[in-house]
Amino acid sequence: MGNCHASGTTIIAELGAEHMRTGWPICYTSADSVFQIAAHEETFGLERLYQMCRTLAPMLHEMKVGRVIARPFVGSPEQGFVRTTNRKDFAITPPAPVLTNWAQDAGRRVHGVGKIGDIFSMQGIDTLDKGSDAELMVHLSRLVDSAEDGSLTFANFVEFDSQYGHRRDISGYARALEWFDAEIGRILPRLRPGDLFVLTADHGNDPSWVGTDHTREQVPVLIAGLGAGQIGQVNFADVAASIADQLKIPAQGPGRTFL
């Protein structure tokens, strides 16, 4: 059921009860190149949802759909439905080696935090920690202290997007930013000499804009530690090239280091 463009939170509110009654999964998409399947963790089954997405993914990847996303939720028609943190992305394999591959191929450890493993189909990932944004911040903080010298830690915090940006929740977004700023403020003094700490995003999701899709304005690139200073406008490829430069590993692709 579904078979439409929809907000993930809206469609489970509209179709969650019928899904529980019929057992039919809820299928929808967004402005991204994705196919999303929502299902109730308890009545449909989490592993059953994962297996459905895992089976469909190769067929959709052949059609150049970038990701098949499992969107589990819980709740009831009486109390409402809410998505859980057990989302899982089945992504198309990158067409060429990416930063995580460069690092791993050079013998460096790569630690993923959040949905990094899903996004890159576990390419070049040695360890992976998942959970809510609060839990991910704990993992990131731990790795700042414990990760091996010369290793790469790659973290992705999703709730700015899923909980506040798509829902156009301005006050929630503001509270999340205040929380994030405070947490990062505790991490920065613990950076070791030679560490490079980069904060950026894959797209914008302005909570004050119309609709529910990503807004895709330019995003900041903030740097602490090695290389801090004015860098002007840069590309994502430049961020990758700069991290490779800091790790002293060969970079592949068009990016230019700003270090």
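No lab work stands behind these numbers, since they all come straight from the coordinates. As the structure is a computational prediction, the values presented were derived from the model and not from experiment. Quick reminder, even Gly has a Cβ in these numbers, built from the backbone with ideal geometry, and neighbours come from all protein chains shown.
A Förster distance of 25 Å, applied to the separation of the beta-carbon atoms of ARG48 and ASP213, puts the FRET efficiency at 0.30.
Residue-wise HN-Hα couplings along the range 166-171, as the Karplus relation 6.51 cos²θ - 1.76 cosθ + 1.60 with θ = phi - 60° gives them from phi, are 5, 8, 6, 9, 5, 5 Hz; Gly and Pro carry x. In a DSSP loop and with at most 15 other Cβ atoms within 10 Å, the GluC sites (Glu not before Pro) in the range 18-79 are GLU78.
Share of Cα-Cα pairs in the range 2-91 beyond 15 Å, in percent? Write out the running numbers ahead of the final one.
On the way: 2137 of 4005 pairs.
Of the Cα pairs, 53 percent sit more than 15 Å apart.
If only the Cβ of Lys and Arg carry +1 and only the Cβ of Asp and Glu carry -1, the dipole of the chain around its Cα centre is close to 320 debye. Expressed as an acute angle from 0 to 90° and rounded to the nearest 10, what is the orientation of the C-alpha long axis of helix 133-146 relative to the principal long axis of the chain? The answer is roughly 30 degrees. For LYS130, the lysines whose Cα falls under 23 Å of its own Cα, not counting residues fewer than eight places away in the same chain, are LYS88, LYS115. Gain on full extension, evaluated as 0.36 nm per residue between GLN233 and THR127 minus their Cα-Cα distance, stands at 35.0 nm.
Expressed in nm to one decimal, what extension gain is obtained for the pair THR84 and LEU259 from 0.36 nm per residue of sequence separation less their Cα-Cα distance? Could you put the intermediate results ahead of the total?
Working: separation 175, 0.36 × 175 = 63.00 nm, distance 3.95 nm.
Computed gain between THR84 and LEU259 is 59.0 nm.
Near LYS115, once Lys and Arg are set to +1 and Asp and Glu to -1 for all other residues with Cβ below 14 Å from its Cβ, the sum equals -3.
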